[in-house]
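Here's the structure, in structure tokens; my notes come after.
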């Protein structure tokens, strides 16, 4: 047998992992891992798949898509694991054959982990040695012990290894970078020219992104919808892309509200050619702000709903046509002198003018 030793190329390894993270971001807005070749977790790529089934299909199909996307960037197809906790998913991936998936059924983490070596529960060599001395060689043996007994023998690490053995989450998922900008896209085959078909795909994208926002307690301030156009039978000079952008009346993770507002803008300037691809981007993601509701005021959210209704009206009819009445002189002898029209504050400042500035086109292909 022969062994080949290669000189380390940390920059090439870092670039390969960064490319892998960018590729994964096209499937899920929540990814985690390190591109630092010196990190102990280098080579471990984590993807949160909650809420993506409506977009990509079952988890097994999504994993197959991920593996296919990563294969050109990495040395072969990755091992994959799916489970309800980060620890169980990592162990499942390590147990998988190259290019294969090990999926742990929901709630079966304890059963899956039970026959595996207890040394997997911790990277601490001292704790591993003490587990062997106590005769705890399988994860199932650790799971049977009371949490208090593990804490007495192993300290704080005992509480963690006990929770992992019982299939409990000990390491909350933290995205690799703050999801300030979430983006997902889908091809449309064959290309469609009807807005109702575009609306159907937009709804899927908005639902998937909104679910990821809500799962992290975030809300998006802006939305951007990019339509890739099929120019096969289009007129000469037709742009290859149509982009619709808007700022929401308030940060939101409501898929229906996002869909309606973007579609209302799109209806004012329909695509000049069939749509072959749809890409939705939500930006300005920030922690969702709660609202204290008064005990005896059932319509406490009416102001928020009014803001969205005004935004839709501004998009449909133009910002210059949205006005409010202000009482100026209630004692005036003529009724028309008792009030005046005033512009609605905030619509223009929020970018909800509904004018052509919100519609931009890219260059022709």
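The values are calculated or read from the model by the stated rules, or taken from the named source; none is laboratory data. The shown structure was predicted, so the numbers you read here are calculated from the model rather than taken from an experiment. For neighbour counting, all protein chains shown are included, and Cβ atoms are generated from backbone atoms with ideal geometry for every residue, glycine included.
General remarks:
- The residues of the range 146-157 that are farther than 15 Å from residue 125 by Cα and crowded, with 17+ Cβ neighbours inside 10 Å amount to a single one, 150.
- Screening residue 19 against (1) without any contact (Cβ under 8 Å) to a residue 40 or more places away in the chain; (2) more than 27 Å from residue 123 (Cβ to Cβ) leaves a single unmet condition, (1).
- Scanning the range 133-143 for residues that are out of contact with any strand residue (DSSP E or B) (no Cβ under 9 Å at 6 or more places or on another chain) and surrounded by 13 or more Cβ atoms within 10 Å (Cβ to Cβ) turns up 134, 136, 140, 141, 142, 143.
- Among residues of the range 158-200, those that are buried (at least 19 other Cβ atoms within 10 Å of the Cβ), touching a strand residue (DSSP E or B) at 6+ places or on another chain (Cβ under 8 Å) and under 18 Å from residue 86 (Cβ atoms), counted: 1
- Test: residue in the range 94-106 that is in a loop (DSSP other than H, G, I, E, B), out of contact with any strand residue (DSSP E or B) (no Cβ under 7 Å at 6 or more places or on another chain) and closer than 23 Å to residue 168 by Cα: yes
- Residues in the range 201-228 that are assigned to a helix (DSSP H, G or I) and either touching a strand residue (DSSP E or B) at 6+ places or on another chain (Cβ under 9 Å) or under 18 Å from residue 271 (Cβ atoms) (or both): 11 in all.
- Among residues of the range 80-103, those that are under 23 Å from the mean Cα position of the chain (by Cα) and either under 17 Å from residue 163 (Cα atoms) or loosely packed, with under 15 Cβ neighbours inside 10 Å (or both), counted: 8
- Those residues of the range 269-287 which are at pLDDT below 90 and either within 21 Å of residue 55 (Cα to Cα) or buried (at least 17 other Cβ atoms within 10 Å of the Cβ) (or both), in sequence order: 283, 285
- Residue count for the range 230-251, restricted to those that are free of Cβ contacts under 8 Å to residues at least 60 places away in the same chain and outside any loop (DSSP other than H, G, I, E, B): 2.
- Residue that is modelled with the highest pLDDT [pool: residues in the range 118-129 that are surrounded by 13 or more Cβ atoms within 10 Å (Cβ to Cβ) and outside any helix (DSSP H, G or I)]: 122
- Looking only at the range 232-253, and only at residues there that are buried (at least 18 other Cβ atoms within 10 Å of the Cβ) and at pLDDT 90 or above, the one that is farthest from residue 214 (Cα to Cα): 239
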